[in-house]
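Here's the structure we're looking at; comments come further down.
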Amino acid sequence: MSELVWLKRDLRVRDHEPLVRAVNASRDSKAGLVCLFIYEPEWFAAVETDGSHLRFVGECLGELEGELARRGGRLVTRVGSAVTVLEELRREVGFIRIWSHEETGSGWTYRRDMDVGKWCRERGVDWCEIPQHGVVRRLRSRNGWAERWEQRMHARAAAPPEGVRGLPWVRSAGVLRERDLGVEVSQKDCQRGGETEAWRTVATFLAERGVDYRKGMSSPLTGGDACSRLSPYLAWGCISMREAVLATEARVLTLRGDREAGREVDSRWFGALKSFGARLRWHCHFMQKLEDEPRLEFENLHRGYDGLRDEMTASEEGRNRLALWSEGRTGYPMVDACMRSCLATGWLNFRMRAMVASFAAYHLWLHWRPTALFLARHFLDFEAGIHFPQFQMQSGTTGINTLRIYSPAKQMRDQDPEGVFVRRWVPELEGVPLEYLAEPHLMTESVQRRSGCWIGTDYPRPVVEHSVAYREARARLAVIRRAAEVREEARAVYERHGSRKQPARPEFAQRKGKSRQMELGLASEA
Ligand SMILES: Cc1cc2nc3c(=O)[nH]c(=O)nc-3n(C[C@H](O)[C@H](O)[C@H](O)COP(=O)(O)OP(=O)(O)OC[C@H]3O[C@@H](n4cnc5c(N)ncnc54)[C@H](O)[C@@H]3O)c2cc1C
C-alpha cells in the first residue's frame, strides 16, 4: 500500500522527518509515495491571504518539485478542501497512512485538522503527525518548556531522503499562480520563496549582515539588512527551526574558535547572535500560546478587556480611522511611512510593527482584530501563532504585559533621525524641513508655503492628537488593570502563557529574569 506525505507549512526536503519516514516506509513495503500539497480554498480565499503569499508558496513548490524529481519522487498538487482531496486520492491510490508535521495555524486549519482526523478514523487511515519545531501539543504546564525546546533543537536533523518512489500516473494540478486560483495578482516587491533562498538568507546573515543586529534591528532604515529576514522562510518551513538554531550555534563556535586562536573577531557578533538566538526561541514561545488556546486568534487573552474598544471599532468614525491607518494617511509620518512600506514590500521590522499595532489600538482606539487581519494579509511572513498574540500584546489585552504606547514622533527622531525613511515612503513631505518632519502639522503657514506642503491638502492633519489619545488610553486601561478580578485573571494568564526562567546555555542564555520581566510588564519601552 502507498504512503502519503501531506506538505503544509514545511516546504523543504532538508530536515523533513515526515518525508524521510514516509520514504522509508514506502521502500520497506515496495509501494509508492504521494507527496501532496493541497491548494485549499479556505486558505487562498481567506481575508488574511494575499496574492504575495500565493506567489511565495508557488516559488517554494516550484523548487520542491525539482528537488523531489531529482530524488525519483513527484510533487502532486490538488485544489479542494483537504478531506475531499484525501478521499479522492485514497480511491485512486489506496494509501493507508498520512505523514505530516503538526500545524499550529489559523482557526480554519484547526477545524480542518479535526475533520481530517475524523475522516482518518472512519477510513482506517493512520495519520502520523510529527512536531515541526518547539511547539508542544497537549502541553500541561509551561514549566520545563524551555528545556524541551532545547532538546528538540538539538535532536538529530533528518538528511534529505534519496530513492523516493513517486507515482507518475497520479494526476497533479501543477504549481499554480494567483490567477489560476482567482486571486488578485500582487504587485508587492517581496522576498523570493524556496529552500535555496532560505539558506542563502541564513548564510548572508550569519556571515556578514548580522554583525550589527542589535544596533540595527529597531530602525526601519537599517532593519532590512541587519535583521535576518528569515521570517517568511520559517513561516512556510523552507528551513526548519532546528537547522536555523544549529547554524547559529555553529557560527558562534567558529567565532569563539577564531578568537581563541588569536584571529581578529568583531566582538559585536557575540551579542548579536545571542539576541538572535533568543528570538528564534520566542518564535515557538509565541506559537505555543495559540496552540494552547486557539481562541486567542479571535478573543482577548484576558477577558477582563472585553468590550473595551468595540463601540469605536463598529462606529463610522472607527471605520474611517481604520481606513486612514490601512492606507498610511493618519497624519503621523512615521506611521504612514511604515504602513506604505509594508504594503509595498510585505515586511516591517519588529519595532515598527509594534508601533503601528499600538497606534491603532491606543491612539485610534480600534480593536486589534480588524487591524491584525489587515496586516496578516500584508505581511509575507504571516504566522498566526506569532501575529495574534503579538497584536494582543501591543494592544494591552493580555493583562500581563507592559502598556507600551509609542509616540510616532519620538520613534521618528530615534529611528529615522534624518528623515530618510519617511521621505522615501511619504514623498509629499519631500520639501518639509527636518525639524518639522516628525510633526508636519506644527508648520506655520509660511513654512507650509515654502515647503510646498499644505497640511490638510497635500498631507493630512493628524487623525487624533497624540498627547490627548495617550492620556485617555492610559486612564482607561488603568481603571481596568486596578480591578481585583482582573489582577486575579492576569495571574492565571501568566501561569498558562508566561515565559519561565531559561536553562543556562552559553550560546542562548538570556540576561537573568529578563523574559519574565517582559512578560510581567516590568520592562519599559517608549
Ligand atoms: C504586531 C506584530 C505582528 C507580528 N506578526 C508576525 C508574523 O505574522 N510572523 C512573524 O514571523 N513574526 C511576526 N512578528 C514578530 C517580528 O516582528 C518578526 O518575526 C520579525 O520582524 C521578522 O523579521 P526577521 O525574520 O528579520 O526577524 P529577526 O529579528 O531576524 O528574528 C528571527 C526570527 O525570530 C522570530 N522572531 C523575531 N522576533 C520575534 C518576536 N517578537 N516574537 C516572536 N518571534 C519573533 C521570527 O521567526 C523571526 O523570523 C510580529 C510582531 C508584531 C509586533
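What to note about this one:
- When the range 74-85 is filtered for residues that are of a type in the set (A, V, I, L, M), over 14 Å from Arg171 (Cβ atoms) and in contact (Cβ under 8 Å) with a residue 40 or more places away in the chain, only Ala82 remains.
- Flag if Gly399 is outside any helix (DSSP H, G or I) and either surrounded by fewer than 21 Cβ atoms within 10 Å (Cβ to Cβ) or more than 11 Å from the ligand (Cβ to nearest atom) (or both): yes
- Residue match in the range 336-343 (condition: more than 16 Å from the ligand (Cβ to nearest atom), in contact (Cβ under 8 Å) with a residue 40 or more places away in the chain, surrounded by 24 or more Cβ atoms within 10 Å (Cβ to Cβ) and farther than 28 Å from Phe276 by Cβ): yes
- Among the residues making up the range 432-485, those that are of a type in the set (Ser, Thr, Tyr) and under 24 Å from Leu322 (Cα atoms) are Thr457, Tyr459, Ser467, Tyr470.
- Members of the range 354-379 that are in a loop (DSSP other than H, G, I, E, B), more than 9 Å from the ligand (Cβ to nearest atom) and either on the phi < 0 side of the Ramachandran plot or in contact with a strand residue (DSSP E or B) (Cβ under 9 Å, 6 or more places away or on another chain) (or both): Leu364, Leu366, His367
- Exactly one residue out of Arg263, Arg281, Arg259, Arg340 is under 28 Å from Thr109 (Cα atoms) and not aliphatic (A, V, I, L, M): that is Arg281.
- Residue satisfying condition, being surrounded by fewer than 17 Cβ atoms within 10 Å (Cβ to Cβ), of a type in the set (Lys, Arg) and without any contact (Cβ under 8 Å) to a residue 12 or more places away in the chain, within set Arg179, Arg148, Arg171: Arg179
- Helices (runs of 4 or more DSSP H) completely within the range 1-103 that count 3 or more residues being over 23 Å from Met114 (Cβ atoms) and at pLDDT 95 or above: 17-28, 51-70
- Listed here are the helices (runs of 4 or more DSSP H) enclosed by the range 129-242 that have at least 3 residues being more than 21 Å from Ala376 (Cα to Cα): 145-153, 195-207, 213-216.
- Pairs with Cβ under 8 Å, 6+ apart, first in the range 378-397 and under 13 Å from Lys289 (Cα atoms), second near the ligand (Cβ under 8 Å from one of its atoms) and among the polar types (S, T, N, Q): Glu383/Ser231
- Criterion applied to Ala278, Ala226, Ala272 was being touching an Asp or Glu at 6+ places or on another chain (Cβ under 9 Å), near the ligand (Cβ under 9 Å from one of its atoms) and modelled with pLDDT of 95 or more, and the one residue passing it is Ala226.
- Counting residues in the range 52-75 that are out of contact with any strand residue (DSSP E or B) (no Cβ under 6 Å at 6 or more places or on another chain), crowded, with 19+ Cβ neighbours inside 10 Å, closer than 21 Å to His283 by Cβ and acidic (Asp, Glu) gives zero.
- Answer from Arg351, Arg319, Arg295 - the residue that is assigned to a helix (DSSP H, G or I), under 27 Å from Trp145 (Cα atoms) and without any contact (Cβ under 8 Å) to a residue 40 or more places away in the chain: Arg295
- Listed by first and then second residue, the pairs linking a residue in the range 152-164 that is in contact (Cβ under 8 Å) with a residue 12 or more places away in the chain to a residue that is of a type in the set (Ser, Thr, Tyr), with Cβ atoms under 9 Å apart and 6 or more places separating them unless they lie on different chains, are Ala157/Ser240; Ala158/Ser240; Val164/Ser26.
- Scanning the range 14-23 for residues that are among the hydrophobic types (A, V, I, L, M, F, W, C) and surrounded by fewer than 24 Cβ atoms within 10 Å (Cβ to Cβ) turns up just one, Val20.
- Condition check for Ser218: within 14 Å of the ligand (Cβ to nearest atom), under 30 Å from Val5 (Cα atoms) and in contact (Cβ under 8 Å) with a residue 12 or more places away in the chain: no
The values are calculated or read from the model by the stated rules, or taken from the named source; none is laboratory data. Predicted model, so just to flag it, every value in this text is computed and none were measured. Heads up, the Cβs are rebuilt from the backbone with ideal geometry, glycines too, and the neighbour counts pull from every protein chain shown.
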